[in-house]
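Accompanying notes for the structure given below.
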Amino acid sequence: MEIKFADSFGDSIKTLIRHNTWWYKIYDLFRYDLPRFFKNIWRFRKALWNHYWFDHHGTLMFLETGLTHISDTLEKHGNEIDEPRLKKVAVMRRAIQIIQNYNNDFPYIEMAEKELGELVIRDWKFESVPDKPNLSRLVDNETEEESAHNRKVYKRAHEIEEQEWSELFEILKGQDYTKFDKDKDWYKQFDGSGLKGWWD
């Protein structure tokens with residue numbers, strides 16, 4: 001069997017050798033690495049500003065920003081065929097939405113209220129403490145039914161939050177491809193999840 005190489009093969013080897021020289025690495029630093037570094041500082045500025053060692057919300061903002069950049073770029077400039085690429089974009093956008101919901105807190109109450117009805121919120125009312133005239137106490141002016149309803153809404157909001165938190169990590173983990181049916185089209189079974197596969 002005769003093996004032949006195209007003319008471009010030699011050029012590719014020369015390029016690989018050149019990219020490993022010290023002078024090219026310096027060129028690469030100034031031409032690509034430093035501009036990307038400064039772009040990333042700007043891109044992640046909100047996450048950098050809000051990151052504290054004692055709080056995980058800033059860390060989630062890094063993930064949100066990174067996924068936004070990946071999904072936007074993959075949608076517009078991705079090389080992969082549409083079917084799996086657009087599934088990945090849709091799942092990334094779902095992960096971004098979950099992170100935004102979690103970092104904002106309030107959407108969970110709103111979601112629960114849509115299912116169960118709005119919380120009963122009454123104006124605060126105070127009354128004097130009978131044996132201590134200089135002190136006041138807050139009056140619980142909700143009925144038993146209203147209190148029970150509010151507890152249900154808060155409980156449902158917490159359940160939604162936990163469901164979305166689990167969903168986020170299922171999205172990042174991705175599918176177990178070993179469980180795919182080998183007789184069916186791979187792309188039909190693929191749902192776009194799996195952080196390790198979100199590259200182009």
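Could you list all residues from region 9-37 that are modelled with pLDDT of 90 or more, in a helix (DSSP H, G or I) and farther than 30 Å from H69 by Cα?
W22, W23, listed by residue number.
Pick from region 65-85 the residues that are assigned to a helix (DSSP H, G or I) and among the polar types (S, T, N, Q): which of them is farthest from the chain's Cα centre (by Cα)?
We begin by selecting, within region 65-85, every residue assigned to a helix (DSSP H, G or I); these are 65-77, 82-85.
With among the polar types (S, T, N, Q) added as a condition, the list becomes 65, 68, 71, 73.
On the way: T65: 8, T68: 8, S71: 11, T73: 16 Å.
Once the filter is applied, the top-ranked residue is T73.
Please note which helices (runs of 4 or more DSSP H) are completely contained in region 86-200 and include at least 2 residues that are among the charged types (D, E, K, R) and either under 16 Å from the mean Cα position of the chain (by Cα) or crowded, with 16+ Cβ neighbours inside 10 Å (or both).
Output list reads 144-173.
Output the residue which, of all residues in region 34-78 that are touching a residue at least 12 places away in the same chain (Cβ under 8 Å) and of a type in the set (D, E, K, R), is nearest to R93 (Cα to Cα).
Here the residue is E64.
Tell me yes or no: at least one residue of region 159-176 is assigned by TED's automatic domain parsing to the domain that holds F106, over 25 Å from R93 (Cα atoms) and not small (G, A, S).
For region 159-176, residues assigned by TED's automatic domain parsing to the domain that holds F106, over 25 Å from R93 (Cα atoms) and not small (G, A, S): absent.
Which condition number does E110 fail, the rest of (1) free of Cβ contacts under 8 Å to residues at least 40 places away in the same chain; (2) more than 25 Å from H56 (Cα to Cα) being met?
It is condition (2) that E110 fails.
Right, N40: in a loop (DSSP other than H, G, I, E, B) and under 19 Å from W198 (Cα atoms) or not?
no
Just the residues that are surrounded by fewer than 18 Cβ atoms within 10 Å (Cβ to Cβ), under 25 Å from D185 (Cβ atoms) and modelled with pLDDT of 95 or more, please, taken from region 47-81.
E75
The values are calculated or read from the model by the stated rules, or taken from the named source; none is laboratory data. It should be emphasised that the depicted structure is a prediction, and the values quoted were computed from it without experimental measurement. As a convention, Cβ positions derive from the backbone with ideal geometry for all residues, glycine included, and neighbour counts pool all protein chains shown.
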